[in-house]
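Asker: Okay, handing you the structure first.
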Amino acid sequence: MEIDTQTIRRLRDALIEGGVQPAASHTAASAPGRQASLERVAPFVETMFLMMVADGHHDANEEAAIRGAMRTLTHGLLDDAELDSLLEACAGRLAEQGVEARLQAVGNRICADRVDRETGFTLAAAIALADSEVAIEESALLVSIAEWYGISTRRRREIPGQFDQAS
């Protein structure tokens, strides 16, 4: 599957840039608002985490891209400590349950919403390309993500380049 497209490269670059810059300070939000934001981004963060560790290691750009995605998705509401905690929880669930069980659980959580399914897939593609090369394990995981998240073969081929012609 070809994911090294202008669209995915632009997304990857924006996420990495957003993740390496210091987090903007934000006004304290109510605990329920923070919790709701955390719950909303959790499936996307877990999808990106699974992609980050798919090839057996992760580099600084992959983690920066995840951090940038979380900051973007929550408009900076959640801080780095909350992301670190979320990533630790992802690692624990992965160690306990394995990749396929985690993909099934996340897929079940987001499969009802087409935009969420495709967003998770697209973010995973950006993480796969974050270190500028897509390992065989990452490519295989993208196929599994598409299957568990209910993305058709046609859409998984279209998504990576869908905005290439627009620019």
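Asker: May I ask you to list the residues in the stretch 55-87 that are more than 15 Å from the chain's Cα centre (by Cα) and under 19 Å from ARG34 (Cα atoms)?
Answerer: HIS75, GLY76, LEU77, LEU78, ASP79, ASP80, ALA81, GLU82, SER85
Asker: Every residue in the stretch 149-158 that is assigned to a helix (DSSP H, G or I) and either at pLDDT 95 or above or surrounded by 16 or more Cβ atoms within 10 Å (Cβ to Cβ) (or both), please.
Answerer: Answer for the stretch 149-158, where residues must be assigned to a helix (DSSP H, G or I) and either at pLDDT 95 or above or surrounded by 16 or more Cβ atoms within 10 Å (Cβ to Cβ) (or both): just ARG156.
Asker: Scan the stretch 60-79 and give yes if some residue there is out of contact with any helix residue (DSSP H, G or I) (no Cβ under 9 Å at 6 or more places or on another chain) and without any contact (Cβ under 8 Å) to a residue 40 or more places away in the chain, otherwise no.
Answerer: Checked the stretch 60-79: no residue is out of contact with any helix residue (DSSP H, G or I) (no Cβ under 9 Å at 6 or more places or on another chain) and without any contact (Cβ under 8 Å) to a residue 40 or more places away in the chain.
Asker: Taking only the stretch 137-167 into account, find how many residues are β-branched (Val, Ile, Thr) and either closer than 16 Å to ILE8 by Cα or in contact (Cβ under 8 Å) with a residue 40 or more places away in the chain (or both).
Answerer: Total meeting the criteria: 3.
The values are calculated or read from the model by the stated rules, or taken from the named source; none is laboratory data. These numbers were taken from a predicted model, which means no experiment stands behind them. As a convention, Cβ positions derive from the backbone with ideal geometry for all residues, glycine included, and neighbour counts pool all protein chains shown.
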